[in-house]
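Right, one structure below, let's go through it.
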Amino acid sequence: MTNEHSKAMMTYAGQLYDAYMKGCGGKDWLDNPFPTWAEYVCNPDNKRRVEAWVDVARVAIKIETEMRDGQL
């Protein structure tokens, strides 16, 4: 899948995806394992969901920045 996001942003989104999938037990409701982030990103059917994970990463970065700046 081609995207316009930096490698750092995609890595961060992938870490959030991994944390969520681990929290879900690593398997879907049919007991199939969730794909890895690399597999997920490469599947063109997931384009909108990948963009959603990037959006989540942006919000997480914003929260982290605001918390850090508030402590200065």
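Among D31, D18, D45, the largest mean-square fluctuation in a Gaussian network model of the chain (Cα springs under 10 Å) belongs to D31. Computed about the Cα centre, the dipole magnitude for the chain is approximately 40 debye when only Lys and Arg (+1) and Asp and Glu (-1) carry charge, each at its Cβ. With axes computed from alpha carbons, what is the tilt in degrees of helix 47-70 against the longest principal axis of the chain, rounded to the nearest 10 within 0 to 90? Value to nearest ten degrees: 20. Annotation note: GluC sites (Glu not before Pro) in the chain located in DSSP loop regions with a Cβ neighbour count of at most 13 within 10 Å are E4. Entry for the chain at q = 0.16, 0.19 Å⁻¹: log10 I(q)/I(0) = -0.61, -0.80, Debye formula applied to identical alpha-carbon scatterers, no solvent contribution.
Karplus-based coupling profile of region 18-33, in residue order and whole Hz: 4, 5, 5, 5, 5, x, 7, x, x, 9, 7, 5, 9, 6, 8, x, with θ = phi - 60° in 6.51 cos²θ - 1.76 cosθ + 1.60 and x standing for Gly or Pro.
For P35, the shell of other residues with beta-carbons less than 15 Å away shows a net charge of -1, using +1 for Lys and Arg and -1 for Asp and Glu.
No value in this document is a laboratory result; all are computed from the given coordinates. All values derive from a computational prediction rather than experimental measurement. When we count neighbours, we look across all protein chains shown, and the Cβ atoms used for this are built from the backbone with ideal geometry, even at glycine.
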